[in-house]
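The values are calculated or read from the model by the stated rules, or taken from the named source; none is laboratory data. Model, not experiment: these values are computed from the prediction. As a convention, Cβ positions derive from the backbone with ideal geometry for all residues, glycine included, and neighbour counts pool all protein chains shown.
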Amino acid sequence: MSTSSAPTTATAPFPLGRLLVLTGAIFVSVSSEFLPTGLLPDMARDLDVSESRVGLLVTIFALTVVVSTAPLAAITHRYSRKWLMVVLLGIFAVANVLAGVAPSYEFLVGARILGGLAHGLFWAVTGPYASRLVPRTQLAKAISITNAGGTAAFILGVPVGTALGHALGWRAAFVVMALVVVVFAALVVLYLPPVEHRVPLATGEIATSARKDPTLPGIVIVCLTVVLVVTGYNVFSTYIAPWSIEVAGIVPDLVPVILLVNGIGGALGLALAAAFGDRAPQATLIAMLVGVGASMAAVSIWGNGFVAALILLALWSVSFGGIPAIMHARILHTASLRLRDIGAAWLTTAFNVAIAVGALVGGLLLDEVGIEVLPWAAVLLFVCALVFVLLTDRIRLAPHSGEQRSVA
């Protein structure tokens with residue numbers, strides 16, 4: 001196994017170029033995952049299914065990630081992180097092509113399952129990979145840069161894919177996305193170095209030490225926080241296109257503009273996470289949770305009309321935009337070095353449990369109660385997440401008492 005040439009001290013040059021390659025890889029991954037949200041009405045009409053069934057494609061993708069990430073991470077633990085990333089991006093490309101040519105809803109489900117198998121393992125690889133390029137004191141900054149790929153997906157990937165789908169058909173959007181994935185896979189081959197990711201252990205020591213590791217409860221706390229936060233986000237965001245049309249009264253051709261502005265807001269939130277996430281991580285997370293809940297309540301009350309919806313949804317995106325990066329940095333600070341890969345795999349699982357549950361609950365509320373209730377459901381979950389963070393943070397920090405409190 002090749003060893004990493006990454007910097008290991010705070011005085012070493014910051015590896016911005018390498019992190020940006022990871023950013024691009026994450027961009028195409030997230031764009032592939034959420035492309036159906038912008039094309040939901042078009043896909044439902046073409047496939048002759050309800051919008052809630054198309055919304056379930058997000059749930060199916062996420063559930064695949066949930067059940068496959070940890071086993072696949074264990075199976076592939078010995079393999080090169082770089083070349084595993086390349087293989088996974090290749091699978092993304094194939095899954096997008098299959099989605100683009102799907103003759104039926106059931107075939108499309110199969111394509112999404114294939115993409116989900118690659119997606120979970122991809123995230124379990126990329127988070128720890130970034131952490132091996134920088135010292136602990138730069139984790140939030142590094143993760144914010146790589147997670148900017150997810151934000152860029154909402155700024156460019158999903159809105160442009162949506163516009164392309166409206167112009168040429170939703171199938172063309174998936175095929176073009178496959179081509180973009182191939183481009184970024186080539187960049188990974190050319191510019192990312194191999195890293196040493198395995199901690200030398202005696203036979204059988206991994207399983208035993210994982211159960212006894214004092215940071216394990218903290219990992220669970222971070223993952224449960226993610227479940228609450230991201231479920232709240234996806235209850236509404238999965239159905240943002242039909243909500244914008246049916247509740248806010250926005251014409252369909254302007255939905256890509258809503259998505260674009262939301263993505264820009266997310267980028268601003270991510271910049272805030274990069275600026276403050278290493279210096280004041282707890283205060284930054286709490287402020288963002290409060291902002292998300294308040295802005296979502298404002299959307300529910302005053303979000304009628306294009307201008308009002310645009311402004312309030314932008315504030316919502318600014319508040320939420322940095323939370324995924326903060327949570328990724330949080331898991332890497334919380335976990336011991338030995339459990340970083342396990343923590344990253346569990347965090348990926350938590351994110352996708354939340355995506356699946358959020359899309360599912362949102363679909364059920366849409367069908368049984370009405371789409372107007374979705375923002376209020378999101379507010380409730382964000383309040384629960386804020387209370388949970390306040391009640392559990394002392395427990396999460398206990399194994400690192402006096403050691404990492406300033407950066408955890």
Checklist entry - Within segment 149-166, is even one residue farther than 23 Å from Leu187 by Cβ, at pLDDT below 85, of a type in the set (S, T, N, Q) and crowded, with 24+ Cβ neighbours inside 10 Å? => result yes
Item to check | Residue check for Arg340: surrounded by fewer than 24 Cβ atoms within 10 Å (Cβ to Cβ) and in contact (Cβ under 8 Å) with a residue 40 or more places away in the chain | outcome: yes
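I need the helices (runs of 4 or more DSSP H) fully contained in segment 182-273, keeping only those with at least 1 residues that are within 30 Å of Ile75 (Cα to Cα) and either modelled with pLDDT under 85 or not hydrophobic (A, V, I, L, M, F, W, C) (or both).
Because the criterion is at least 1 residues that are within 30 Å of Ile75 (Cα to Cα) and either modelled with pLDDT under 85 or not hydrophobic (A, V, I, L, M, F, W, C) (or both), the helices (runs of 4 or more DSSP H) in segment 182-273 that meet it are 205-212, 216-237.
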Next on the checklist: Just to check your reading of the model, which residue among Ala294, Ala345 is closer than 14 Å to Val226 by Cα and part of a helix (DSSP H, G or I)?
Outcome noted: Ala345
Checklist outcome for this item: For Gln282, the lone unmet condition from (1) surrounded by fewer than 22 Cβ atoms within 10 Å (Cβ to Cβ); (2) among the polar types (S, T, N, Q); (3) closer than 25 Å to Val247 by Cβ is (3)
Item to check | Matching option when the condition is over 22 Å from Phe122 (Cβ atoms), modelled with pLDDT of 90 or more and touching a Pro at 6+ places or on another chain (Cβ under 9 Å), among Val290, Val307, Val299 | outcome: Val299
Checklist entry - Within segment 48-70, is even one residue at pLDDT below 90, closer than 27 Å to Ala172 by Cβ and of a type in the set (Lys, Arg)? => result yes
Checklist entry - Within segment 285-335, can you find the residues that are within 30 Å of Glu246 (Cα to Cα), among the small types (Gly, Ala, Ser), buried (at least 24 other Cβ atoms within 10 Å of the Cβ) and within 20 Å of the chain's Cα centre (by Cα)? => result Ser317, Ser319, Gly321, Gly322
Item to check | Arg340 basic (Lys, Arg) and more than 12 Å from Ala124 (Cα to Cα) | outcome: no
Next on the checklist: Pairs needed: first member in segment 292-318, without any contact (Cβ under 8 Å) to a residue 24 or more places away in the chain; second member anywhere, outside any helix (DSSP H, G or I); C-beta distance under 6 Å; at least 6 residues apart or different chains.
Outcome noted: Leu312/Gly303
Item to check | From the options Phe320, Phe382, Phe351, residue that is in a helix (DSSP H, G or I), of a type outside the set (Lys, Arg) and within 28 Å of Val49 (Cβ to Cβ) | outcome: Phe351
Checklist entry - In this structure, is His333 over 25 Å from Gly265 (Cα atoms) and at pLDDT below 90? => result yes
